[in-house]
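What follows is one structure encoded as structure tokens, with my remarks underneath.
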Amino acid sequence: MSSFDVISKGLLPFLGGMRRFIPFLFSSAQEAVPMSEWHKWSYHDMTCGSCAGSAAFGFYGMSVSANDLAMRSYIPAQVIFGRTTFNPPLLAMVLDGEAGVPDGKSIARDLVPDHIHPLAADVFDKLYYAGERYGFDEGTAAYFRYIAIRWVLLNKNYMYFLKLPTRDLTQLAVQGPQWAKTVEVIRKPLENLRRVAKDIDHLVHAIRSAKHERAPLVMRGDCRENIKNIQWDRPSFVGLNPPTAGNATFMQSNRVLDTLLFNEPQKAGEGDMPGELWRSLILDSVKHIPSGHYVFSFVGDGAVSWEEGCAEVFSHVGPIIKEWSFPWHGSDTRKAGLVMIRRA
């Protein structure tokens with residue numbers, strides 16, 4: 001298995017994630033510093049998403065920080081940069097137990113009745129609340145929460161969660177190949193989760209074996225605030241990549257997942273993130289980055305165009321050292337891309 005496979009398979013399969021940009025991140029970073037010196041550097045992933053950037057650099061020895069406002073990003077970061085790994089008997093015990101939630105919580109069947117099969121919803125409850133039910137330590141509880149997230153995404157029929165045409169598994173399986181695959185997942189939760197856990201563990205062990213000079217720092221919150229917790233006493237790269245293609249909380253697939261993670265219905269909505277908010281997330285965070293450090297950011301896929309991002313936002317950060325732009329969805333007039341900037 002290649003290093004890219006180890007990194008990719010251990011991460012959440014997020015649409016729009018940074019894993020496709022790992023080659024650009026690596027080639028750009030090597031222009032700034034040889035890989036042999038990476039153990040002396042840090043990568044601060046302030047909008048970590050699926051943790052692709054922080055996991056990739058952590059894999060090769062950089063000390064890492066991972067921050068995001070979304071629970072669906074914070075929970076994976078806890079596990080990927082933690083020390084807890086898969087316990088097969090414990091997983092079997094949890095799946096064999098009764099489904100239930102802590103007092104005052106709604107069961108998953110009631111939260112997403114149209115998009116997740118009731119049997120799959122029960123498995124989510126068993127996994128996500130295993131820490132409370134069995135009194136697990138925080139590392140083990142976080143691991144089961146991450147497995148719960150991966151379980152929900154295994155039940156995603158397509159790019160989005162489609163509405164269930166029927167709850168009868170036999171009838172559901174004949175609705176099409178994707179539905180047949182979903183039924184196969186629902187009928188074999190232990191088998192499928194063991195496979196997922198194996199992929200996660202490969203990544204956890206690989207990052208742990210890199211022997212970082214500093215322990216990983218995992219945070220959850222607004223990047224503009226949590227960047228104040230970063231130490232700048234060693235050279236670093238900063239991942240500052242807030243979405244421009246809409247607040248990810250309101251995208252349909254993430255909304256279904258967030259409804260389960262927060263145990264309450266999430267506000268429906270579409271559209272681009274307000275341009276002023278995106279600019280603030282970049283510029284008000286960069287104020288706390290000292291001169292000489294490097295910043296990675298992406299723009300062009302939403303309310304802020306590539307040209308505007310480069311001319312009116314990135315220009316206030318510092319000179320662009322390297323960029324990779326491309327036509328957005330094949331457009332002749334619109335492009336998007338990733339930049340590496342040296343903080344002025």
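The values are calculated or read from the model by the stated rules, or taken from the named source; none is laboratory data. What you see is a predicted model, and the numbers here were worked out from it, not measured in a lab. Using ideal geometry, Cβ is built from the backbone for each residue, glycine included, and neighbour counts are taken over all protein chains shown. Only protein heavy atoms, including side chains, enter the accessible area calculation; ligands, DNA and RNA are left aside. Shrake-Rupley method; radii C 1.70, N 1.55, O 1.52, S 1.80 Å.
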Could you do me a favour and compute the accessible area per residue for the range 1-147, 1.4 Å probe, result in Å²?
38 Å²
Going down the list Lys105/Lys188; Lys105/Lys228; Lys126/Lys181, which pairs span over 24 Å between their C-alpha atoms?
Lys105/Lys188; Lys105/Lys228
Set of lysines with alpha-carbon distance to Lys211 below 20 Å, sequence-local pairs under 8 removed
Lys40
Under a 1.4 angstrom probe, counting protein chains only, how are Cys51, Cys310 ranked by accessible area, largest first?
Cys310, Cys51
Sequence neighbours fewer than 8 away in the same chain don't count; with that in mind, list the aspartates and glutamates whose C-alpha is under 14 Å from Lys335.
Asp301, Glu307, Glu308, Glu323
Got a number for carbon plus sulfur as a percent of the chain's accessible area, 1.4 Å probe?
51 percent
Hydropathy at least -0.5 by Kyte-Doolittle, axial extent at least 20 angstrom from the Cα trace: which helices of the chain, defined as entire DSSP H runs, fit?
138-154, 189-209
Probe 1.4 Å, heavy atoms of protein chains only: per residue, the accessible area of the range 264-344 in Å² is 49 Å²
Name the shape class, rounded, prolate or oblate, that the alpha-carbon gyration tensor gives for the range 201-344, where a ≥ b ≥ c are the square roots of its eigenvalues, rounded holds for a/c under 1.5, and otherwise prolate holds if a/b is larger than b/c and oblate otherwise.
oblate
Pull up the DSSP beta bridges for the chain and report the antiparallel fraction as a percent, rounded to 5.
45 percent
Could you work out the local net charge near Val94, counting Lys and Arg as +1, Asp and Glu as -1, over the other residues with Cβ closer than 9 Å to its Cβ?
+1
Using all Cα-Cα distances in the chain, what percent lands in each 20 angstrom bin from 0 up to the longest?
30, 56, 14, 0
